[in-house]
């Protein structure tokens, strides 16, 4: 079989209010996720090979609460809580416009939606995926996937639920099969580096194991689409 | 393991500080405002253009974004998602910033303390995900509840001229209420020539987007409410008299925010028109609170049914009536007590409301408003910030007697 070509494309997805699936229960703010595997690399019309319908995300982790708290309280960096970054270091953040940014571009596995092969159950203190799958910049590279750009669907609401959508495609041109068992959201943040020059770092706000326990198989030449939908239900 | 849940705790304390009542319930209602705030942050919506149009506490469609940055390569503070606020009267000035070339991006607007953080109200309408305002907000101060509509803002002195209202020719008068209240009716002074048809008197939020000149632009500003005056009500002799338009549904107006009374006679034509009386002298209606250079007065006229407006000196004659649900002395909104203790993480948002009005006040609803900003395009333009509602709950009826203290606390929490 010819190795798939390196060919990154992405598309935005705006959810129709009529298509909102309310899995978050009344009174909750949560997320759902949905996984789809298609034939082809970043081909939106590829045949659907596998699909995990919308599932309730189980796991905001502590960094979400810390970052939201910092903005809600409007803490100066000198008083803010140290937040653990995806590289394991902890920093006092400055509460910048960049916080929560998940709009990673093509090939950037530092933030945005991320996928991995870890199997450990999420805990509130998780600060990174157990085993992140790195971007495959020079395919084929065993165990890596090509990260598409993150796209967003604008907020929408039905009579009970409001939500928006975060989407990313991950193409497997590694030459072998990859089973994705964990997914998550990495976001950017900013800390006071020195003087007024900021430093950019990344932290994890959400981590989930793929429903069913066995993960989802993405064969060589196939693309996984991950949709996360933050929701609030009254 | 679950999504984020929020506990709403409401406590009522007596004069001696004794706890008289405590209610705990699951908060039902983070609204689309929270999702919009997270959306612009996650998507960095607005950087490089665009932005997202949300609806602020005034009911006005307003751009929000995450692009509060300069073009040098720096990232600076943002007040987006801010909930905490000082108490009492006064304002917060959300973050502007300074870049490493020494340029300062100024904050264009201030937010009144009482508009930010936890809000309470007297309304009991069902909550929906797209609520943008409290049903009947209770403001800061010591005013007792009104038992019947009373006059709030008005300008009725010395009218000098007529402005013709007919067809596409509309008139608009701005006002800024000193007291938060529920507006029930609007009186305007005028007289008719021929058959002017039904007069529509509408209440608009003001377009506070910088550069938009603070007008009641149709399509941008939501019609918050309206009423009508029958043709036969108007006299046919100048200068006419004040006549009342009762709003179909009362509308909350918030102290310190700008609103417009917009008058039209859609079926009017040449010779069949309303003459809305005005005083042509500048600065005749002084608004009690100013939020920008146009604070003193605004009398606008339009010849294209409100799509565009022309600013004029003077003021149209009007009175607005309504009822205050009473006022509390409102403390600051504290955001505190972040606790991460495996498997749970939570923090608290709390505000106190002291009843010093001399009478009992009834509370039925509460909510949260947070800050969202909009980068107006660089250092010269600055940054715009406004309050947007992000949560709304019904509390059940709580009566707070004079001298009693109400404490409202939201506790968002996650469990993994």
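The values are calculated or read from the model by the stated rules, or taken from the named source; none is laboratory data. All figures in this text were calculated on a predicted structure; none of them were measured in a lab. Using ideal geometry, Cβ is built from the backbone for each residue, glycine included, and neighbour counts are taken over all protein chains shown.
Data table
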{"item": "Sole residue being under 19 Å from residue B:368 (Cα atoms) and crowded, with 24+ Cβ neighbours inside 10 Å, chosen from B:112, B:119", "result": "B:119"}
{"item": "All positions within the stretch A:30-46 that are in a strand (DSSP E or B) and over 17 Å from the mean Cα position of the chain (by Cα)", "result": "A:38, A:39"}
{"item": "Among the residues listed as B:218, B:164, B:198, the single one being closer than 20 Å to residue B:303 by Cα and modelled with pLDDT under 95", "result": "B:218"}
{"item": "Hey, residue A:211 modelled with pLDDT under 95, over 11 Å from the mean Cα position of the chain (by Cα), surrounded by fewer than 20 Cβ atoms within 10 Å (Cβ to Cβ) and more than 8 Å from every other protein chain (Cβ to nearest Cβ) or not", "result": "yes"}
{"item": "Strands (runs of 3 or more DSSP E) contained in the stretch B:1-79 and holding at least 1 residues buried (at least 17 other Cβ atoms within 10 Å of the Cβ), away from every other protein chain (no Cβ under 11 Å) and modelled with pLDDT of 90 or more", "result": "B:4-13"}
{"item": "Sole exception among (1) more than 17 Å from residue A:183 (Cβ to Cβ); (2) modelled with pLDDT under 95; (3) more than 14 Å from chain B (Cβ to nearest Cβ) for residue A:98, by number", "result": "(3)"}
{"item": "Unmet criterion (only one of (1) surrounded by fewer than 23 Cβ atoms within 10 Å (Cβ to Cβ); (2) at pLDDT 95 or above; (3) within 22 Å of the chain's Cα centre (by Cα); (4) under 30 Å from residue B:400 (Cα atoms)) for residue B:226", "result": "(4)"}
{"item": "Hits in the stretch A:152-179 - residues which are under 13 Å from the mean Cα position of the chain (by Cα) and under 26 Å from residue A:212 (Cα atoms)", "result": "A:165, A:166, A:167, A:168, A:169, A:170"}
{"item": "Which listed residue, of B:243, B:275, is assigned to a strand (DSSP E or B) and under 12 Å from residue B:165 (Cβ atoms)", "result": "B:275"}
{"item": "Wholly within the stretch B:297-409, strands (runs of 3 or more DSSP E) carrying at least 3 residues that are within 14 Å of chain A (Cβ to nearest Cβ)", "result": "B:327-341, B:344-354, B:361-375, B:383-400"}
{"item": "In the stretch A:64-91, residue nearest to the other protein chains (Cβ to nearest Cβ) [restricted to those that are more than 29 Å from residue A:165 (Cβ to Cβ) and surrounded by 17 or more Cβ atoms within 10 Å (Cβ to Cβ)]", "result": "A:81"}
{"item": "Within the stretch A:148-182, considering residues that are part of a strand (DSSP E or B) and over 25 Å from residue B:51 (Cα atoms), the one nearest to the other protein chains (Cβ to nearest Cβ)", "result": "A:182"}
{"item": "The listed residue being part of a loop (DSSP other than H, G, I, E, B), within 20 Å of residue A:61 (Cβ to Cβ) and touching a helix residue (DSSP H, G or I) at 6+ places or on another chain (Cβ under 8 Å), out of A:101, A:130, A:121, A:109", "result": "A:101"}
{"item": "Meets criteria (more than 24 Å from residue B:343 (Cα to Cα), crowded, with 17+ Cβ neighbours inside 10 Å, more than 14 Å from chain B (Cβ to nearest Cβ) and at pLDDT 90 or above) for residue A:104", "result": "no"}
